[in-house]
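Everything below concerns the one structure shown next.
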Amino acid sequence: MSALDMIVEVASWVAILLGSAFMLIGAVGTLRFPDFWSRVHAVSVADSAGMLLLTLGMCMQGGFTLVTVKLIIIGIFLFITGPTATHAVANAALVSGFLPKGADAFRKPKLIVDKETKKIKKKKRSPLKGKL
Amino acid sequence: MRHHLLLRVITKLLVGPIILFALYVQFHGDYSPGGGFQAGVIFAVAFILFGIVFGLSKVKQVFPPWLVHKLAALGVLIYAGTGVYSLMLGATYLNYSAFTPDHPEHGQHWGILIVELGVGVTVAAVMVAIYYAFAARPPVISDEEW
């Protein structure tokens with residue numbers, strides 16, 4: 001085994017192990033994060049990175065063969081479809097009115113009204129209620 | 001569907017490669033994992049994906065229902081016809097070796113290829129037909145009630 005082979009071997013295993021670590025972190029994030037949005041974020045980003053590193057590592061293991069060509073095609077396919085699927089899921093959630101934790105404060109800023117003004121407004125409104 | 005720009009672009013990008021991959025699985029099935037059933041499903045997935053993103057009427061223009069039903073029958077006809085052809089050559093049903101008596105392996109190669117083609121055509125057509133049947137149903141719950 002020449003020195004170049006050794007370097008390729010080490011680099012491929014570093015990529016594979018790093019990719020596996022990314023996948024594992026993504027899986028833990030999916031299970032442990034508090035709400036939907038952070039879970040989607042964890043799994044999509046970590047999955048893309050892990051998939052890319054795993055494919056790269058396996059390409060280096062494969063060498064200049066047909067296997068490497070197929071791996072590159074798979075990698076391109078997953079690189080396009082993964083974020084698209086995440087986009088579709090997140091978009092559907094947002095359209096159906098699913099908000100991130102604590103986002104209500106940004107969506108509808110609460111008017112800070114002191115108690116006196118509230119009372120006056122209530123008093124002004126209350127006599128009309130019966131008539132309308 | 002005008003809202004989903006990203007999905008439309010990605011679908012246009014992917015439909016062609018999916019059909020190409022289906023044909024690869026179909027005709028490479030005797031050397032690698034795959035075969036008629038898987039290829040048919042992948043082929044149908046291209047149309048189902050197109051239908052989901054662009055709507056049922058668009059995909060029905062590309063792959064009209066009358067053609068789907070004819071193709072579902074045609075695949076079975078190819079499969080059974082191969083068997084009947086081997087019967088007519090004096091061998092048992094679906095005995096591919098009878099096609100080329102001098103070189104049985106050659107006949108077997110051709111036989112499995114044709115039979116898998118029949119399976120693929122039928123599976124693809126039936127999958128698309130099932131999708132049409134489900135997608136053409138009027139929704140039980142209206143969109144506002146979701």
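The values are calculated or read from the model by the stated rules, or taken from the named source; none is laboratory data. Computed from a prediction, not measured in an experiment: that's the story for all the values here. Here the Cβ is made from the backbone with ideal geometry for all residues, glycine too, and neighbour counts use every protein chain on show.
Tell me which residues, restricted to the stretch B:10-30, are polar (S, T, N, Q) and more than 12 Å from chain A (Cβ to nearest Cβ). Across the stretch B:10-30, the qualifying residue is only B:26. Listed by position, the helices (runs of 4 or more DSSP H) enclosed by the stretch B:31-146 that each have at least 1 residues that are within 14 Å of another protein chain (Cβ to nearest Cβ) and crowded, with 20+ Cβ neighbours inside 10 Å are B:36-54. Checking the structure you have, find out if any residue of the stretch B:44-67 is more than 16 Å from residue A:81 (Cβ to Cβ), of a type in the set (Lys, Arg) and either at pLDDT 90 or above or touching a helix residue (DSSP H, G or I) at 6+ places or on another chain (Cβ under 9 Å) (or both). For the stretch B:44-67, residues more than 16 Å from residue A:81 (Cβ to Cβ), of a type in the set (Lys, Arg) and either at pLDDT 90 or above or touching a helix residue (DSSP H, G or I) at 6+ places or on another chain (Cβ under 9 Å) (or both): present.
Checked against (1) free of Cβ contacts under 8 Å to residues at least 24 places away in the same chain; (2) surrounded by fewer than 17 Cβ atoms within 10 Å (Cβ to Cβ); (3) more than 11 Å from chain B (Cβ to nearest Cβ), residue A:66 meets all criteria but (3). Assess whether residue B:7 counts as being free of Cβ contacts under 8 Å to residues at least 40 places away in the same chain and within 11 Å of chain A (Cβ to nearest Cβ). In short, no. Restricting the first member to the stretch A:76-97 and to residues that are facing chain B (nearest Cβ under 10 Å) and under 18 Å from residue B:5 (Cβ atoms), and the second to residues that are assigned to a helix (DSSP H, G or I) and of a type in the set (Gly, Ala, Ser), the beta-carbon pairs closer than 8 Å and six or more apart or on different chains are A:83/A:44; A:83/A:48.
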